[in-house]
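Just below is one structure, and these are the notes that go with it.
The values are calculated or read from the model by the stated rules, or taken from the named source; none is laboratory data. Note that this is a predicted model, so its numbers are computed, not measured. Note: ideal-geometry Cβ built from the backbone for every residue, glycine included; neighbour counts use all protein chains shown. These accessible areas exclude ligands, DNA and RNA; they are computed on the full protein's heavy atoms, side chains included. Shrake-Rupley method; radii C 1.70, N 1.55, O 1.52, S 1.80 Å.
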Amino acid sequence: MIPDKYKTYRNPPGAVPDGVFVDITISFDIDTGITDIKNVYLAVIYNDNNNQNKIYVMKKTSLDSVYSYNLEVSKGLYFYWFEIEYQNGKKEYIYKNNNTQKWQITVYDKNFKTPDLFKGGIIYHIFVDRFAKSDSWKPEVREGFYLHESISETPFYKSDKNDDVYGGNLMGIIEKLDYLKELNVDIIYLSPVFEANSNHKYNIADYTKIDGMFGDDKIFDELIEQAKKRGIKIILDGVFNHTGDDSVYFNRYGRYKSLGAYQSKASEYYDWYNFNDWDNNRDDYECWWGVKSLPSVKKDQPVFRAYICGVNGIIEKWLKRGIAGYRIDVADELSDRMLKGINKAVKETSPDNIIIGEVWEDASNKVAYGQRRHYLLGNQLDSVMNYPLKEAIINYLRTGNSQAMSEVMDMITENYPKQSIDCLMNIIGTHDTMRILTALGMGSESFTDDKNIMAESKLSPNERTNGIFLLKAAVLMQMTLPGIPCIYYGDEAGLEGYGDPFNRRFFPWDNIDENIHDFYKKICRVRKENINIFAEGEYKLVREKSGLFCYKRYKRNKGIKNGGEIYAYINLSDNPYSLDLSGSKNSKDIFISLLNGEIITELKAKSYDLFV
């Protein structure tokens, strides 16, 4: 971190639109004896151009200890640090921390907007085969699949097959829409629904068809219609990096009537794929992470890009059927050109549609395959899945490291455009990760995210009790920090599960943990009742110390000094901390905390001792 003798400021803070001036300031504490400064320089790198970094002489302000520079910025990324030149010729370099990390300015297209209709909402992620069955739809169990006799059976662990199914389907989801509405869900995010020869459907066989195990076009349309009647939007999983080897396009096993790329160079799909030596070894082709059942597609191949993103393409087809956007699978694998094509197809259908990318790191400065990505600068993604927040919450609740929690929130608020922050998919568990209850309940000596862990391994009664308490803390944070919380189906029912496939058990409709479920309903209701603040309200850290993490969300409305504030706190330490709210005069203030596992939402006093 910066030594106490230096303080830095930036106005405006956070990410900014292109064409503005950013005032960058550094001040020195004269009490430390710094009096022999000759010059202060601002060193800047623009868009990774290390060979042409620029040095600007900072201007001394009316205060001798304060220097500033007004930097005009253009779309892209700026990285900067300070260089101090002393009278004796000595130089000192000031970075963001002791690891020579530079400060970052994210500069986005001034026309970049994200859809307001999603902000403040709640997403519910459904893994279709494992959520709900309906007796009115008999699933098409194709050859090679195994249908479980009971939804309580444990998923099979198979490293490559993924061929055991439970019969969850779209009609089952329709029949559970009222359950989701009672939970105050606004958006359903569906795992892939297109025909594919697996239970997860990420190995797409035909982008144009609803999988027969799930339903058909008529049932899909009914899902859209019934959800819309309840004010619920549907977004789909966009899997555009690869197809299945068992597909219309590749057709490795000859299951389909089409002439696939694996079968002939004359196939209309041959140029979609990269064969290293088709003539001598057709099995030597590029695939996702070496998984042969997932042959990679050349995303910039014009015919494929037009098939997905073009006029009357796949994206437009399903948007016109009534979906409200896409979550983009493995966005890192897609080129800038492909992402721009997806954006164009989605936004031209309606600017109110959303695009959320699967990115596991800081999406503002991500480098993938040697290329700096531009996800959040405009014309690509609206926002991303918030994996950094997920990891920070779990780490904080397991270790009490509130400083690391605060640093991740600083990273997000400093680096991401505000319009993207408001649309972040705030996850605490997904189909790719350990169930949140398991992650928080496990003892530290046994903590692992190894998907090979024994299926029958479950939390002990004591671990589950502790896990439930920490789960409530995680959900409180998920529901109140900036972004859109995304509930992974079954988390609200108390499902446990280690890695894939044990984190994909069927929803326990006859064995819902009412303690957990009631908590979800309460905190979701609090969020809904204060949507004006949670939709676009600001975030501010109130206090962080030794396990205490207290913050507020607030909204300033035109003509009103303060449009409302919501305080939230978690205290994992053994020490009480006092939160003084005596200066607050707004009757809309709400104080959200956990006390013995219950939500406290009334501001009954002006000072609180912060115990959990």
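What the table below lists for this structure:
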| item | result |
| --- | --- |
| Ellipticity estimate at 222 nm from DSSP helix runs (n ≥ 4, -39,500 (n - 2.57)) divided over the chain, nearest 500 | -6500 deg cm²/dmol |
| Sulfur and carbon atoms: percent of accessible area, the chain [1.4 Å] | 47 |
| 0 to 90° range, to nearest 10: angle between helix 217-229 axis and the chain longest Cα axis | 40 |
| Integer Hz, Karplus 6.51/-1.76/1.60 couplings in order for segment 486-493, x for Gly and Pro | 10, 8, 7, 2, x, 4, 6, 9 |
| Table column - 3J(HN,Hα) (Hz), segment 246-252, Karplus curve with 6.51, -1.76, 1.60, x for Gly and Pro | 9, 8, 4, 8, 9, 6, 4 |
| Sequence ranges 321-328, 471-478, 401-408, ranked by mean other-Cβ count within 10 angstrom, highest first | 471-478, 321-328, 401-408 |
| Given 138/521; 161/298; 320/472; 133/265; 91/390; 119/344, the pairs whose alpha carbons are separated by over 30 Å | 138/521; 320/472; 133/265; 91/390 |
| Karplus-derived 3J(HN,Hα), 6.51/-1.76/1.60, for each residue of segment 523-529, Hz, glycine and proline x | 6, 5, 5, 4, 4, 5, 5 |
| P(r) tail fraction, segment 205-351 - alpha-carbon pairs more than 22 Å apart, % | 44 |
| Residue 148 accessible area, assembled protein chains, probe 1.4 Å, Å² | 10 |
| With DNA, RNA and ligands ignored, accessible area of residue 292 (1.4 Å probe; Å², nearest 10) | 80 |
| Convex hull of segment 157-216 built on C-alpha atoms - directionally averaged projected area, nm² | 4.9 |
| Residue 37 - accessible surface, heavy atoms, 1.4 Å probe, Å² rounded to 10 | 20 |
| Interchain or long-range residues, amide H under 5 Å from residue 204's placed H | 244 |
| Amide proton proximity set for residue 235, modelled H, under 5 Å, gap of 5+ | 188, 189, 190, 324 |
| For segment 65-153: rounded, prolate or oblate by the Cα gyration tensor [a/c cutoff 1.5] | prolate |
| Inter-centroid distance (Cα atoms) of segment 180-196 relative to segment 202-257, Å | 14 |
| Kirkwood Rh, Cα atoms: Rg over Rh of the chain | 0.99 |
| Placed amide H near residue 132: partners under 5 Å, 5+ positions off or other chain | 169 |
| log₁₀ of I(q)/I(0) at q = 0.17, 0.20, 0.24 Å⁻¹ - segment 201-273, Debye sum with one point per alpha carbon | -0.71, -0.86, -1.05 |
| Antiparallel DSSP beta bridges within the chain, as percent of all bridges there, nearest 5 | 70 |
